[in-house]
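Here's the structure we're looking at; comments come further down.
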Amino acid sequence: MNGRILVAYASRSGSTSEVAEKIADTLANRRVEVDLMQVKNVKDLSAYRMVVIGSGVYMGRWFPEAVNFVKKNQSALSRLPVAYFTVA
């Protein structure tokens, strides 16, 4: 497989970041180039061939920074395979 995969997440208590790390580690163990970062630190999606996005949940909703990331990057994400995960 060619190209990098981004695993981006929003976490408050650390559980979501732990799940994101496990996803990134699993991909890296399969010799996939992976970047792991909080959604608030993602500036550009052009280097990625796929994006995995995760968020913790509060009161039945994703954290606002994760929702804002998806909305802000809607155009770029529409051209890439995207997987989502939720930690509750």
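So how many residues does region 71-88 have that are of a type in the set (S, T, N, Q) and within 22 Å of residue 56 (Cα to Cα)? Steps first, answer last, please.
Residues of region 71-88 that are of a type in the set (S, T, N, Q), as a first pass: 73-75, 78, 86.
The next check asks that each one be within 22 Å of residue 56 (Cα to Cα); those that pass are 73-74, 86.
The qualifying residues number 3.
Here is a check on your reading of the model: is residue 46 touching a strand residue (DSSP E or B) at 6+ places or on another chain (Cβ under 9 Å) and hydroxyl-bearing (Ser, Thr, Tyr)? Answer is no for this residue. I need the full set of residues from region 17-56 which are closer than 16 Å to residue 87 by Cβ and in contact with a helix residue (DSSP H, G or I) (Cβ under 9 Å, 6 or more places away or on another chain), in order please. Of everything in region 17-56, those that are closer than 16 Å to residue 87 by Cβ and in contact with a helix residue (DSSP H, G or I) (Cβ under 9 Å, 6 or more places away or on another chain) turn out to be 36, 38, 39, 52, 53, 54, 55, 56.
Any idea which of 7, 67 is of a type in the set (A, V, I, L, M) and buried (at least 20 other Cβ atoms within 10 Å of the Cβ)? Quick ask: steps written out before the conclusion?
Numbers: 67 fails: buried (at least 20 other Cβ atoms within 10 Å of the Cβ).
Among 7, 67, only 7 is of a type in the set (A, V, I, L, M) and buried (at least 20 other Cβ atoms within 10 Å of the Cβ).
For region 11-26, the tally of residues that are over 19 Å from residue 69 (Cβ atoms) and in contact with a strand residue (DSSP E or B) (Cβ under 6 Å, 6 or more places away or on another chain) stands at 0. Residues in region 51-87 that are among the hydrophobic types (A, V, I, L, M, F, W, C) and either touching a Ser or Thr at 6+ places or on another chain (Cβ under 7 Å) or more than 12 Å from residue 10 (Cα to Cα) (or both): 51, 57, 59, 62, 63, 66, 76, 77, 80, 82, 83, 87. Please enumerate the residues belonging to region 46-61 that are crowded, with 17+ Cβ neighbours inside 10 Å and among the aliphatic types (A, V, I, L, M). Scanning region 46-61 gives 50, 51, 52, 53.
Residue-by-condition table, conditions (1) acidic (Asp, Glu); (2) outside any helix (DSSP H, G or I); (3) at pLDDT below 95:
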position: 5; (1), (2), (3): no, yes, no
position: 18; (1), (2), (3): yes, no, no
position: 21; (1), (2), (3): yes, no, no
position: 28; (1), (2), (3): no, no, no
position: 40; (1), (2), (3): no, no, no
position: 68; (1), (2), (3): no, no, no
position: 76; (1), (2), (3): no, no, no
position: 83; (1), (2), (3): no, yes, no
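The values are calculated or read from the model by the stated rules, or taken from the named source; none is laboratory data. Everything quoted here is computed from the prediction, not taken from an experiment. Please note: Cβ atoms are built from the backbone with ideal geometry, for glycine as well, and neighbour counts cover all protein chains shown.
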